[in-house]
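Below is one structure, written out as structure tokens; comments come after it.
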Amino acid sequence: MSPQPPPATAPFPPVTPDATPAARRLLDRLYRVSGETLLSGQHNQPRHGSAWTERLTGITDRTPAVWGGEIGFSAPGTLDAVDRREANADEAIAWHRRGAIITYTWHAVCPTDEEPVEFLGGIIRDLAPADFDSVLEPGTAHHTRWCAQVDAAAAVLRRLADADVPVLWRPYHEMNGPWFWWGAQPTRLVALWRQLFDRLVHHHGLRNLLWVWSPNAAYGDAEPFAPYHPGHDVVDVLAMDTYKGHYEPEHHANLLALAEGRPLGLGEVGDLPPGEVLAEQPEWTWFLAWPDVVTERNTEAAIRALYHHPRVSHLA
């Protein structure tokens, strides 16, 4: 029997210096599946544990390949409760041991506020340019609070790192839209992203993260991608969030050009991608469906059709 060739390695290594072998293997996997298959995925809100992954498994008889979690920002007992952080990290560790890919979203609390907050008014809100500048200025009260908020998120990510779980880490998503406090200010967003990278990688020493930059598809109030890209030295994977069926070819083409050979993902979707999108835009490597929206915007027949499509792969 001839020896098996070594696994393909990514053309670009992880942007994190000395990334863990598990993180490197995950990035290699994304490069390998690009153009070949689309990994199914489902987000889970903190309060519900893995209920949405389990629900999609029940609908489709297929288990999503990607398990999505959230750091959390809201009061105990609510949907995105901060008191579920440890329990959901344990959920993520258990799913990783079953073979799932883990991705985490962070709806970061505005640094002018103390957590917990409500989504409307705490995450979806404006941040004045002067206050944003203060977040970026060491020694200010806003910067100090931002550091504390990042440190709380880092504790969750450290729990995963200690269990050798690589994470598709998706902070400050949809930054090219004006709805989140970190949005619609491209120069400041780039500085904020790089500040976060420095604190998590160099201050906290996290080596298990693959950095996923995930703008919204450029329709409606969302602006073009490029001004918000923080640089290839701090981004491993480019993803796109999209709702209401906005899979226009130009969004894919523009993100693909910006990626310059790096993998693409569908970081958050409402309407699931139809078969013609899978054929015309084969570079998407995973999708992550959003709770509630996935069953409100897609019939069970459509969900099953996607999960049983020959280009889509699963955990089981």
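Throughout, read-outs are computed from the coordinates displayed, never taken from laboratory work. Every value quoted in this text rests on a predicted model; they were computed, and no experiment measured them. Because the Cβ atoms are built from the backbone with ideal geometry, glycine has one as well, and the counts that use them run over all protein chains shown.
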Charge dipole magnitude, Cβ of K and R +1, D and E -1 - the chain, Cα centre, debye nearest 20
940 debye
Could you work out how far the C-alpha centroid of segment 97-159 sits from that of segment 54-69, in angstrom?
28 Å
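Of the beta bridges DSSP finds with both residues in the chain, what % are antiparallel, to the nearest 5?
If I count the DSSP bridges inside the chain, around 5 percent turn out antiparallel.
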Go through 75-84, 172-181, 57-66 and give me the packing order, highest mean Cβ count within 10 Å leading.
172-181, 57-66, 75-84
Which entry in (i) 24.0, 98; (ii) 18.5, 67; (iii) 19.5, 65 matches Rg and Dmax of the Cα atoms in Å derived from the coordinates of this structure?
(ii)
Do any GluC sites (Glu not before Pro) in segment 1-95 lie in a DSSP loop with no more than 12 other beta carbon atoms within 10 Å, and if so, which?
Glu36
